[in-house]
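No value in this document is a laboratory result; all are computed from the given coordinates. Keep in mind that what you see is a predicted model, and the values were worked out from it rather than measured. Positions of Cβ are backbone-derived with ideal geometry, glycine not excepted, and every protein chain shown enters the neighbour counts.
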Amino acid sequence: MARSLWKGAISFGLVNVPVELFPAEERKEFQFSMLDKRDLSPVGYKRYNKKSGKEVAWNDIVKGYEYDKDRYVVLTEEDFRRANVKATRTIDIKAFVPAKEIPAQYFETPYYLVPSGRGEKVYALLRETLKSTGRAAVAQVVIRTTQHLCVVAPIGRALMLITLRYADQLRGTSGFELPAESLKTAGVTSKEVDLAQRLVDDMTEHWKPGEFKDTYHEDLMRRIKEKIKSGETEEITRPEGEEAEKPRSAQIIDLAALLKQSLDKGAPRKKMTEGRRSRSGKPPLRVVSSRGSAKTLAKRKCA
């Protein structure tokens, strides 16, 4: 089991729920070493005293805030705690909001909240109340040295804390050249809208996160094994020509034709389980087009 990152309590009104905070994210990333390309020797970094030039051990390093030129205030973990004892030990709920009202761009990092001490009863009460009301708790908490806006929401039997971005941390869109909201002004035809909607309908599925995998991790591992097998471990691979570096052109000559081709070829995502029921409860019809390709069409509900 992972080590807890933080211990404290969820606070709302006069109620406190003792909890521990655990990471809910497990990143699967490659760990690359920095090499000197001249002889492929590993490149290292040293922490050194800028005055003496001597290397400094981790045990001799402290944090400092430069309040004037070359003058510092030394800060320890105790200073961070004393700055606001309550904030460093409390997930302070400020409001309860409908969970669906929080836009996706505000979400950052997920954590699990696990009850500690004798907090199981109040933990369960808060979890089930949030479930039954469809609300999420908006709160603030200090993790390490940063105060985060966050949301506490129920996920199955657990309460999850997800850090949020503050409103002033999100950039606006005023500096971008974006298409007009009116499709007519943007030059989109009704035929293109119809084809796009049909393609979206054809690719619509229920959310199944387990179906999505980080395939690039496997692809890169395969490339690494290829270089090992072919004896090219020290080969610095170059692009295969100018074309390899050129990005695709964003120009679309006939949008309707491309949408039509996408429909004729079938959605790139795999369809829902074959034989699934339509909204009417009857199995979907199999219709063969004039080109000979099979398309699945659900009977439309009569008005």
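For the listed residue pairs 94/131; 213/260; 28/131, the alpha carbons are over 20 angstrom apart in 213/260; 28/131. Taking a ≥ b ≥ c as the square roots of the eigenvalues of the alpha carbon gyration tensor, the stretch 151-220 is oblate, as a/c is not under 1.5 and a/b does not beat b/c. Spacing of the modelled spin labels on residue 46 and residue 170, each 7 Å from Cα toward Cβ, amounts to 4.7 nm. Computed over the alpha carbons of the stretch 6-132, Rg followed by Dmax gives 22.3, 65 Å.
The chymotrypsin sites (Phe, Trp or Tyr not before Pro) of the stretch 1-48 meeting both criteria, a DSSP state outside H, G, I, E and B (loop) and at most 10 other C-beta atoms within 10 angstrom of the site's C-beta, are 30, 32, 45. Between residue 81 and residue 2, the FRET efficiency estimated from the beta carbon spacing at R0 = 22 angstrom works out to 0.45. I need the calculated FRET efficiency for the pair residue 261 and residue 190, taking r as the beta carbon distance and R₀ as 25 Å, to the nearest 0.05. So, using R0 = 25 Å, E works out to roughly 0.85. If you model the stretch 181-233 as an ellipsoid using its alpha carbon gyration tensor, with each semi-axis the square root of five times an eigenvalue, the axes come out at 43, 18, 9 Å, biggest first. Annotation note: chymotrypsin sites (Phe, Trp or Tyr not before Pro) in the stretch 150-230 located in DSSP loop regions with a Cβ neighbour count of at most 15 within 10 Å are 166, 176, 207, 212. The loop-placed trypsin sites (Lys or Arg not before Pro) in the stretch 194-225, going by DSSP, that have at most 15 neighbouring Cβ atoms within 10 Å of their Cβ come out as 213. Compute the FRET efficiency between residue 234 and residue 34 as 1/(1 + (r/R0)^6), taking r as their Cβ-Cβ distance and R0 = 22 Å, and round to the nearest 0.05. Step by step, r from the Cβ atoms, then E = 0.90.
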